[in-house]
Each structure stands twice: as C-alpha cells, then as structure tokens.
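First comes the structure, then the notes that go with it.
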Amino acid sequence: MNISGVVVRTSPEHLEEVIRSLEESGMCDVHFHDDKGRIIVTIEAETTEDEVFKLKSIQAIEHVLSADLVYAYSEEELEKAKEELSMEKGEIPRIIEEDVPAERVKYYGHIYKDYE
C-alpha cells in the first residue's frame, strides 16, 4: 500500500469547484483547504504506477494550477529497507522495531547508535 500527501493549488475563485471535482474523482481524500487556493489531499494506491496515474489525473483536473507530492509512504519500501539493514549488520536496529517517543531519538550519523 502506498499513501501520499499532495498539495493541490488553484485560484481562490475556483476553490469550491476544484474541491468538488477532487471529491467526485474518487482518486483522493480531501482533508484541508485554505482561502488562498491550497488543498491538502491524500492518495492511496496499491502500486507506485497507480499512485503516479492518480497524481497526473489530479494535475489534469480543470482549474488545478499544480498538484505536488510532498509526502510518500510505501510499505514495500519499508520492508525492503529492513531487509537491507538486516543483511548489513545481521540485525535490525531496535529504533526501527520499537515505538520510541520522538523526543528520545538523537541522530549520531547512523541508526545503529542507541537512543536516549
């Protein structure tokens, strides 16, 4: 499963029309907008190709000035990264496997150093 955050921009006078088009498209979920024409949406897709198709389709909606990917998450990439880390050191760092509060994490140039 891939999940992406996208910022869609339109002119303020077309804001409601673009929001309606996005909601009716079935390609994304609309979460937030402001009066300047910025709209925050998320895209969910099974493959990267499907995700890119949806992004390009959103970009093609009438009165959309831009639609830019600002965040992407892929379960497949996480699993691949875990495998690569495991192969390098023989084990997966605890920080990846545990729920560690962000304020306890210090970066030392690599993830094999313990957290506080």
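Values quoted throughout were computed directly from the atomic coordinates according to the rules given, and no laboratory measurement underlies them. What you are looking at is a predicted structure, and each value in this text was computed from that prediction instead of being measured. All Cβ positions, glycine included, derive from the backbone under ideal geometry; neighbour counts span all protein chains shown.
Quick notes on this one:
- A cut-off of 5 Å between modelled amide H atoms, ignoring neighbours fewer than 5 places along the same chain, links residue 72 with 5.
- Prolate/oblate/rounded label for segment 32-72 (Cα gyration tensor, a/c 1.5): oblate
- Simple spin-label estimate for residue 49 and residue 70 in nanometres, 7 Å along Cα-Cβ: 3.0 nm
- Taking the Cα centre of segment 2-74 as reference, the dipole from Cβ charges on Lys and Arg (+1) and Asp and Glu (-1) amounts to some 240 debye.
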